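Student: Handing you this structure, nothing more for now.
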2 protein chains.
Amino acid sequence: MREHGDATTGPSPVDQAAVRRGNLARVLAEIRRPGGHSRAALAATTGLTKATVSSLVAELIRRGLVRESGLRQEGVVGRPGRLLELDGASLAALGLEIGANYLAVRGVDLADRVLLDRRVGFDAVRAGAAGAVDELAELTADALAELRRARIEVVGIGVAVPGLADIATGTVHYAPNLLWQDVPVADRLRERLGTAGDVAVLVDNEANLSALAEFRRDPVTDLVYLTAGIGVGAGLIADGALLRGATGFSGEVGHLPVDPAGGACGCGRHGCLETKIGLAAVVRAGAPDLLDAPRDPEELAAALRHRAEAGQPRVLEALDDVGRWLGIGTSILVNLLNPGAVVLGGYFAAVAPYVVPAAMRELRSRAVAGEAAICRITGSAFGFGAAVRGGASVIADRVFDDPTAARLRAGPGVESA
Amino acid sequence: MREHGDATTGPSPVDQAAVRRGNLARVLAEIRRPGGHSRAALAATTGLTKATVSSLVAELIRRGLVRESGLRQEGVVGRPGRLLELDGASLAALGLEIGANYLAVRGVDLADRVLLDRRVGFDAVRAGAAGAVDELAELTADALAELRRARIEVVGIGVAVPGLADIATGTVHYAPNLLWQDVPVADRLRERLGTAGDVAVLVDNEANLSALAEFRRDPVTDLVYLTAGIGVGAGLIADGALLRGATGFSGEVGHLPVDPAGGACGCGRHGCLETKIGLAAVVRAGAPDLLDAPRDPEELAAALRHRAEAGQPRVLEALDDVGRWLGIGTSILVNLLNPGAVVLGGYFAAVAPYVVPAAMRELRSRAVAGEAAICRITGSAFGFGAAVRGGASVIADRVFDDPTAARLRAGPGVESA
DNA sequence: CTGCCTTAGTTTGGCCGCTGTCCTTACTGC
DNA sequence: GCAGTAAGGACAGCGGCCAAACTAAGGCAG
């Protein structure tokens, strides 16, 4: 026990346990990399001794994170190594998402195998904050029960919301599209789940979590995730970490002034980026007949894609125009942040082939630092599913960052956690 | 010794030494905070035990970073504590700067007391890269000799350059205002200094180092440093660390498109921020008679300030206009990065009272997230001296981050490093 | 001014985690 | 078979932190 455990301020002191945690994470990270890894090989790549690696690997196996894949390196002289690989089949991370017109749940094990993936239509505005969280809790309870039946332990839940979230408390301060204000999502969710919800619950902005999902797929140090649906938003990753800003309001790209002579924006000014590349703008310009039809951004995106694939000139032209303005907006981000990649989510993902060429053209002509600062612009492979994936992976990453978060399980040489 | 010390990849493994380093830094950071600190108080605030704190403090004293200030807490019952304070008088950090028309050297001890501060006019373009570095080396050698005579050990040298620097190698890739390309500044400096230069040499961009200097003065987690002289640049700090981007080209704010209908810019487009708030633009608009007069930005800034203080309407109007465009540019940064503070350097610092009101007005009307995202805009207290201060403080901070970087010195219980 | 109380700082023994060395294990090649 | 080679485990040792006991130094009451 610490003396006066109360008065401590700032970061906690460093102790031996931190050394262990760090080295467990280091070894686990190496094992996650593709290719065979024996204990001896891990010792060589990590710089730890074989004895230490053996001890660390034993603990990772006891925690259910690693298993011996029995196979052995052949063809070379010497005793063959016992290969290790990521296990994680008995540990799951849950991602949730609250959208304006749907709820989503996705469960993955720690090796990223999909255990369940559901998406149900739901009018969150109509249901109100309490109703929406209750409905989400029910979906979650089902998922938890299902995983429990399969003897899979859930290590945490990551919730994506279309608004500003306080990470520390799990409260949504403000979500314009849901008409929410100061909703204690994490608390209410935990409360509704009862004992079943006795796991870590993390709430974050949808664009942030999407950016993390993309970052995990393609770990460039600096990544910009640009998305559009009802609004336009961005998730920024700088040097491997989310850039949240002083009060959590980073990534407000929707109202970048790109065309002062342009049309009026809801914010009161003219020519904001949103008026050029927002979903409403493309539909108006490229497919006006859909204006009052389906309200779901995902369906609209699919419709646009279909028409583009069919070669409809009006849609193609509108998308090319979107690409141009997207390139202008992107070039601002590139000149400021110099990311290693720009990933397009939301409806952009569906129509990427029709907007990226124009965007790249524009970016090339506007990148101040020239070729050295130009990065690729790609459509997200996850599309509208990025946020819920990000929710799950941010939870999974907690275990990879601190493997002691995975409880020890029974086995030879059982010990207490 | 590690086995196969060659094949290691990624971060080095965590060991006990890292624990020690971390806790030394933790305790030292606490001692740097104002107010009296006894060993017992440090134990309480850090969460370490008294025994450990005693051991850590003893080491910090042996390394010359801390001293007992003899004074003792009075008036309360119990044995009075021996107060500790930052020493660092025998350790110095050197900041250097290469400008287009000056060279600067600043030496501070680790308690940030100024030991020397020189600035000499020098035409770096005319002298060429080799000539400029040689001249800088001579200034540095003098400074080093002077400090050595005073028995002060120099722990490192931080060099600010107006261009893109490769931190790892200490090479300047490209410095447009100096007409430099691929100049190995650190290597050449070390070479010229000979054995005297057997210290860490770090080279970084002038705006980055300035941002760090401002950040040290006012440690908000997210800070934007905006500067203008010949060009316009920015140094961005996100979550306490410099935001460098994937290839080092972050902070290119000079060519933000703010007025497509505006005048032509050197970059080939129209209405770039630089054409609105660059020094050339203000002088042209507010004091055209100075256009071909003194070429030094610092003198021009002083002249503008004088005229503004004297109430010259033309200058005041030009500066107000600069403030407006500055506010527009700043609002883009604020909406994207949500900084906790925006600090104005370069010539802005001299005329801050005349540009900030208009800038704040513009920012207020354009911050998408409203009051919650609005931050203060202030003139730098360091002005043109920010970069050289940043160079010194980035070196000093290395010691604070890893106190074992300060060599052990003779004393009771001498040990080897 | 003496003795108790309180708080500061040191000493000592113990634990944890990594290192280095030695040993066993297991397979290839001759 | 038997040597050679590499993997993996056992064990002593060391650095670093913790807990508890101890010494040090002052206030305060009687």
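The values are calculated or read from the model by the stated rules, or taken from the named source; none is laboratory data. Since the structure is predicted, the reported quantities are computational estimates derived from the model, not experimental observations. Don't worry about glycine lacking a Cβ; one is built from the backbone with ideal geometry, like all the others, and counts go over all protein chains shown.
Student: Can you find a residue in region B:367-375 that is touching a helix residue (DSSP H, G or I) at 6+ places or on another chain (Cβ under 6 Å), under 21 Å from B:GLY278 (Cα atoms) and not polar (S, T, N, Q)?
Tutor: no
Student: May I ask you to list the residues in region B:328-356 that are within 14 Å of chain A (Cβ to nearest Cβ) and assigned to a loop (DSSP other than H, G, I, E, B)? Before you say what the answer is, go through the steps one by one.
Tutor: To start, the set of residues in region B:328-356 that are within 14 Å of chain A (Cβ to nearest Cβ) comprises B:328-343.
Those that are within 14 Å of chain A (Cβ to nearest Cβ) and assigned to a loop (DSSP other than H, G, I, E, B): B:ASN338, B:PRO339, B:GLY340.
Student: So, one more: Which number in (1) in contact with a strand residue (DSSP E or B) (Cβ under 9 Å, 6 or more places away or on another chain); (2) among the hydrophobic types (A, V, I, L, M, F, W, C); (3) within 14 Å of chain B (Cβ to nearest Cβ) marks the one condition that A:TRP325 misses?
Tutor: If we test A:TRP325 against (1) in contact with a strand residue (DSSP E or B) (Cβ under 9 Å, 6 or more places away or on another chain); (2) among the hydrophobic types (A, V, I, L, M, F, W, C); (3) within 14 Å of chain B (Cβ to nearest Cβ), just (1) comes out false.
Student: Continuing with this model, one more query. Can you name the condition, by its number, that B:ASP218 falls short on among (1) acidic (Asp, Glu); (2) crowded, with 22+ Cβ neighbours inside 10 Å; (3) farther than 26 Å from B:LEU136 by Cα; (4) more than 9 Å from chain A (Cβ to nearest Cβ)?
Tutor: (2)
Here is a yes/no grid of residues against (1) within 16 Å of DNA strand C (Cβ to nearest atom); (2) at pLDDT 95 or above; (3) over 30 Å from B:ALA143 (Cα atoms):
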position: B:LEU24; (1), (2), (3): yes, yes, no
position: B:ALA29; (1), (2), (3): no, yes, no
position: B:ARG39; (1), (2), (3): yes, yes, yes
position: B:SER54; (1), (2), (3): yes, yes, yes
position: B:SER69; (1), (2), (3): yes, no, no
position: B:VAL76; (1), (2), (3): yes, no, yes
position: B:LEU94; (1), (2), (3): no, yes, no
position: B:ASN101; (1), (2), (3): no, no, no
position: B:GLY107; (1), (2), (3): no, yes, no
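Yes/no matrix, rows are residues, columns are (1) touching a helix residue (DSSP H, G or I) at 6+ places or on another chain (Cβ under 6 Å); (2) surrounded by 17 or more Cβ atoms within 10 Å (Cβ to Cβ); (3) not assigned by TED's automatic domain parsing to the domain that holds B:LEU226:
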position: B:PRO288; (1), (2), (3): no, no, no
position: B:LEU304; (1), (2), (3): yes, yes, no
position: B:GLY323; (1), (2), (3): yes, yes, no
position: B:ILE332; (1), (2), (3): no, yes, no
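Student: When the residues of region B:77-95 are narrowed to those that are surrounded by 15 or more Cβ atoms within 10 Å (Cβ to Cβ) and farther than 22 Å from B:ASP402 by Cβ, which ends up farthest from DNA strand D (Cβ to nearest atom)?
Tutor: First, the residues of region B:77-95 that are surrounded by 15 or more Cβ atoms within 10 Å (Cβ to Cβ): B:81-95.
In the following step, the residues that additionally are farther than 22 Å from B:ASP402 by Cβ were identified as B:81-83.
On the way: B:GLY81: 10, B:ARG82: 9, B:LEU83: 13 Å.
Step by step, filter region B:77-95, then rank; the result is B:LEU83.
Student: May I ask you to verify whether B:ALA200 is within 13 Å of chain A (Cβ to nearest Cβ) and aliphatic (A, V, I, L, M)? Spell out how you get there, then give the answer.
Tutor: On the way: within 13 Å of chain A (Cβ to nearest Cβ): no; aliphatic (A, V, I, L, M): yes.
When the stated conditions are applied, B:ALA200 does not pass them.
Student: Sticking with this structure for a sec: Just to be sure I understand the filter: pairs with C-beta atoms under 6 Å, separated by 6 or more residues or on different chains, first member in region A:306-330 and among the basic types (Lys, Arg), second member crowded, with 21+ Cβ neighbours inside 10 Å. Which pairs pass?
Tutor: Note: pairs meeting the criteria are A:ARG307/A:VAL315; A:ARG314/A:GLY286.
Student: If you don't mind, there's one more thing I want to ask. Restricting region B:78-92 to residues that are away from DNA strand C (no atom under 11 Å from the Cβ) and among the aliphatic types (A, V, I, L, M), which is nearest to the other protein chains (Cβ to nearest Cβ)?
Tutor: B:LEU86
Student: When residues of region A:225-253 are filtered for being facing chain B (nearest Cβ under 7 Å) and over 18 Å from B:ALA372 (Cα atoms), how many remain?
Tutor: Final tally of qualifying residues: 3.
Student: Can you pull out the residues in region A:27-40 that are buried (at least 18 other Cβ atoms within 10 Å of the Cβ) and more than 8 Å from DNA strand D (Cβ to nearest atom)?
Tutor: Across region A:27-40, the qualifying residues are A:VAL27, A:LEU28, A:GLU30, A:ILE31, A:HIS37.
Student: Do you know which of the residues in region A:254-273 that are more than 10 Å from every other protein chain (Cβ to nearest Cβ) and closer than 27 Å to A:ASP204 by Cβ is surrounded by the fewest Cβ atoms within 10 Å (Cβ to Cβ)?
Tutor: Filtering first and then ranking leaves A:GLY266.
Student: Something else about it: Could you say whether any residue in region B:63-76 is of a type outside the set (A, V, I, L, M) and surrounded by 17 or more Cβ atoms within 10 Å (Cβ to Cβ)? So that I can check it myself, show each step before the final result.
Tutor: If we filter region B:63-76 for residues that are of a type outside the set (A, V, I, L, M), which is where we start, we get B:63-64, B:67-70, B:72-75.
Add one more test, that the residue is surrounded by 17 or more Cβ atoms within 10 Å (Cβ to Cβ), and what stays is B:63-64.
Yes, the conditions are met somewhere in region B:63-76.
Student: For A:TYR174, which of the numbered conditions (1) under 22 Å from the mean Cα position of the chain (by Cα); (2) touching a residue at least 24 places away in the same chain (Cβ under 8 Å); (3) in the same structural domain as A:VAL399 (by TED's automatic domain parsing) fails to hold?
Tutor: All conditions pass for A:TYR174, except number (2).
Student: Name the one entry in A:ALA43, A:ALA18, A:ALA51 that is within 10 Å of DNA strand D (Cβ to nearest atom), more than 8 Å from chain B (Cβ to nearest Cβ) and out of contact with any Pro (no Cβ under 8 Å at 6 or more places or on another chain). Before the answer, list the steps.
Tutor: Details: A:ALA43 fails: more than 8 Å from chain B (Cβ to nearest Cβ); A:ALA18 fails: more than 8 Å from chain B (Cβ to nearest Cβ).
The conditions single out A:ALA51.
Student: Being within 16 Å of DNA strand C (Cβ to nearest atom), crowded, with 20+ Cβ neighbours inside 10 Å and assigned to a helix (DSSP H, G or I) is true for just one of A:LEU48, A:LEU60. Which residue is that?
Tutor: On the way: A:LEU48 fails: assigned to a helix (DSSP H, G or I).
Among A:LEU48, A:LEU60, only A:LEU60 is within 16 Å of DNA strand C (Cβ to nearest atom), crowded, with 20+ Cβ neighbours inside 10 Å and assigned to a helix (DSSP H, G or I).
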